[in-house]
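Contents: one structure, followed by commentary.
The values are calculated or read from the model by the stated rules, or taken from the named source; none is laboratory data. Note that the structure is a prediction, hence the values are computed from the model and not measured. Neighbour counts are summed over all protein chains in view; Cβ atoms, including those assigned to glycine, are modelled from backbone coordinates with ideal geometry.
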Amino acid sequence: MDEPVAEEEVVEEGVAEKEEDPRQLFHKSFTAETKGLTDTITSLATSRASERQASIDNILSKIGVLTHDLGDASTYLPAYDQRVYSEQLKSLSDQLSNARKALAPRQKFSFKNRGSSRTSGTDSPTPPLPAVPAEQLQASLQPLSSKSQPDPKTTSTITSHENTNLQTSPPNQTTTILSLSNLKSCILTPHNNDKSATGDTNYTTLSVTSISSSLLIIPPIQGPAHLTSLQNTTILLSCHQFRLHSSHNVDVYLKCRSRPIIENCKGIRVSFLPDISNKSAATEGGGNSNVEGKADGKEESDMWNQIDDFNWLKVDKPSPNWRCLRDDERILDDVWDTLLTTTTANPTDILDKVLPSNSV
Amino acid sequence: MLSILRKARLKDKEMRVLMLGLDNAGKTTIVKQVMKEDVNTVSPTLGFIIKTIEYQGYKLNIWDVGGQKTLRSYWRNYFEKTDALIWVVDATDRFRLDDCKEELHGLLLEERLMGASLLVFVNKTDVKGCMSTDEIKEGLKLDEIVTHKWTILRCSAMTGENLDEGLEWVVTDAKERLFLY
């Protein structure tokens, strides 16, 4: 009696395989698999800890595969169905993370292997640690996690000055990052022109944030320069990549080997890097062959004037957010010379002459 | 039904890899280095770049999408059918590590990226004074990620260090998933 029934079922399935809507087929297998996964997730709590990680990985992968299947099925599934399936996957993933959070005090090793806290005894990966309450771990973590505090050995930082003449210290073997922030009405010049002391070492990275009404003459930067929130400031800089964000009224005397970009900026005026910075130790190759803005030099191309504005993607019209300095607006070399030789003067006297607001 | 589809995908031997990260992380430079192209002429990416890399018989379609703030809202347009997400971190950029964490964790909430594994590339490790792996792990709160399989690798787009190892991980991981059934 049983056998014929079974045969019938097989036949039915065979027919179904051909005629059934792919949507229904998808629904069947998808539902079956998500059901299976839900069960596996539920059973995580009772599974052995040693096997848990493997089955978690397995579940993650299966969710991944299903996500792909859903993507593949997008050609024949109605939008609403896709949405529903996708929500099911999302909820599976949520269930999994909840299950994982509920299980295993898994954060127990997260913070131990920080170099600074590495003392002989406390560090061994033996069980006593899990007994430490989570709050305590959090508390001990606090002083270490102040990540915005740069390592003084590797970063030369100049921050929070007003009305001051400042000088960057020369880069050396370990100090390669130059970081400037929160300067107001300051003049920053490169370290003394004693090139022999510094050898070939250049700063590799420049990071500048929150500068207003200042003149920054930056030593040569080998790598990228990233500048944010500059106002009414004049900056002299040579670098590999140039990114300027959220700034207005800035004059940039620039030498840059790739296309500079600006984002959320207004009133940016650019010019080529004057010879003066060469004299003040800001040499880079020493050549001034591209001074006229020809960017076709093969050896050391200078793209100071090929700025891309992320807020202006039209090609037919130039961006209103930046332009090149006209010859009569540019500060001339001999003016720079005079300025540099009199850096002991009151900053405002010099700033009056070079800042964008005073010449616009 | 699903298994047929899966087999078809295996045969393609194509994988879609999405490369994201903050601006100035070195995404394009990594791609250029892998392609053995000149890495000294990279300009900030205005939009996106697609490159196909042959690796161990697999075709990796790498989508390198610009990281500028303005572009980040467009990242979502690239999520569909991503096999692996490569998150590139600038190891020298302490100031924006928090930003970097926010963006990454935001991405991981995306349901369309749920199936993707995550490779965190700690780039610019050739620069002296860059952050340690532990610093980055903690700064990005990587240990809190439970929704995705992830790993972290130090690399240098300028020297090429560890780039192949990264791709290797991506491919091996994707293969494992496809052969599950």
Study note, to complete from the structure: Subset of the range B:27-44, residues touching a residue at least 24 places away in the same chain (Cβ under 8 Å) and assigned to a loop (DSSP other than H, G, I, E, B), comes to B:VAL39, B:PRO44
Exercise for review: Can you tell me which residue within the range A:224-240, out of those that are surrounded by 23 or more Cβ atoms within 10 Å (Cβ to Cβ) and within 14 Å of chain B (Cβ to nearest Cβ), is farthest from the chain's Cα centre (by Cα)?
Suggested key: A:CYS239
Point to revise | the range B:102-123: number of residues that are touching a residue at least 12 places away in the same chain (Cβ under 8 Å), more than 8 Å from every other protein chain (Cβ to nearest Cβ) and charged (D, E, K, R) | key: 2
Practice item. Would you be able to say whether some residue in the range B:144-160 is within 8 Å of another protein chain (Cβ to nearest Cβ) and closer than 25 Å to A:ILE177 by Cα? Key: no
Study note, to complete from the structure: The one condition A:ALA104 fails out of (1) outside any loop (DSSP other than H, G, I, E, B); (2) at pLDDT below 85 is (1)
Check your understanding: Regarding B:GLU176, is this residue surrounded by fewer than 19 Cβ atoms within 10 Å (Cβ to Cβ), modelled with pLDDT of 85 or more and not aliphatic (A, V, I, L, M)?
Key -> no
Review point. Only one residue in B:TRP63, B:TRP87 is modelled with pLDDT of 90 or more and either in a loop (DSSP other than H, G, I, E, B) or closer than 23 Å to B:ARG112 by Cα (or both), so which one is that?
Key: B:TRP87
Revision key, fill the gap. All conditions in (1) at the interface with another protein chain (Cβ under 10 Å from one of its Cβ atoms); (2) buried (at least 24 other Cβ atoms within 10 Å of the Cβ); (3) in contact (Cβ under 8 Å) with a residue 40 or more places away in the chain are true of B:ILE86 except (1)
Check your understanding: What are the residues in the range B:66-84 that are β-branched (Val, Ile, Thr) and either at pLDDT 85 or above or touching a Pro at 6+ places or on another chain (Cβ under 7 Å) (or both), if any?
Key -> B:THR82
Practice item. Please enumerate the residues belonging to the range A:231-251 that are within 21 Å of A:THR204 (Cα to Cα) and free of Cβ contacts under 8 Å to residues at least 40 places away in the same chain. Key: A:ILE235, A:LEU237, A:CYS239, A:HIS240, A:GLN241, A:PHE242, A:ARG243, A:LEU244, A:HIS245
Exercise for review: Would you be able to say whether some residue in the range B:116-137 is crowded, with 19+ Cβ neighbours inside 10 Å, in contact with a Leu (Cβ under 7 Å, 6 or more places away or on another chain) and in a loop (DSSP other than H, G, I, E, B)?
Suggested key: yes
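Quick grid of which residues meet (1) under 14 Å from the mean Cα position of the chain (by Cα); (2) within 10 Å of chain A (Cβ to nearest Cβ); (3) under 30 Å from A:VAL315 (Cα atoms):
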| residue | (1), (2), (3) |
| --- | --- |
| B:THR29 | yes, yes, yes |
| B:ASN40 | no, yes, yes |
| B:ASN77 | no, no, yes |
| B:ASP93 | no, yes, no |
| B:ASP99 | no, no, no |
Review point. Given the range A:134-192, what strands (runs of 3 or more DSSP E) lie entirely inside it while holding 3 or more residues that are in contact with a Cys (Cβ under 9 Å, 6 or more places away or on another chain), more than 12 Å from chain B (Cβ to nearest Cβ) and modelled with pLDDT of 55 or more?
Key: A:155-162
